[in-house]
Amino acid sequence: MKKFIIKDSLGFRQFGEVFEEDVEFSIPSHSNLEQVCESFTLFLKACGYNLDGQYITINFHDDLK
């Protein structure tokens, strides 16, 4: 199993109480790259990033020698 985790140490304050906003996504170890990118996109949205029609891609560079 693979995990994407963000820990917000500042949290937010509501009615005098402090709440931490930790976001954790887990995906199976056998996930392919498309599934990983889709899960990471959902993870970013859950963390508050506004992607508005954007999506995650992976670019492979053959010039790494």
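The values are calculated or read from the model by the stated rules, or taken from the named source; none is laboratory data. Worth saying up front: this structure is predicted, and the values here are computed from it rather than measured. Every residue, glycine among them, receives a Cβ derived from its backbone with ideal geometry; neighbour counts consider all protein chains shown.
Scanning the stretch 43-60 for residues that are part of a helix (DSSP H, G or I) and not small (Gly, Ala, Ser), we see that the one that is nearest to PHE4 (Cα to Cα) is PHE43.
Among the residues of the stretch 25-64, those that are touching a residue at least 12 places away in the same chain (Cβ under 8 Å) and hydroxyl-bearing (Ser, Thr, Tyr) comprise SER26, SER29, SER31, SER39, THR41, TYR55, THR57. Residues in the stretch 22-42 that are touching a helix residue (DSSP H, G or I) at 6+ places or on another chain (Cβ under 9 Å), over 14 Å from ILE6 (Cα atoms) and among the small types (Gly, Ala, Ser): 1 in all. Screening the stretch 20-42 for residues that are modelled with pLDDT under 85 and part of a loop (DSSP other than H, G, I, E, B) and picking the one that is surrounded by the fewest Cβ atoms within 10 Å (Cβ to Cβ) gives GLU20.
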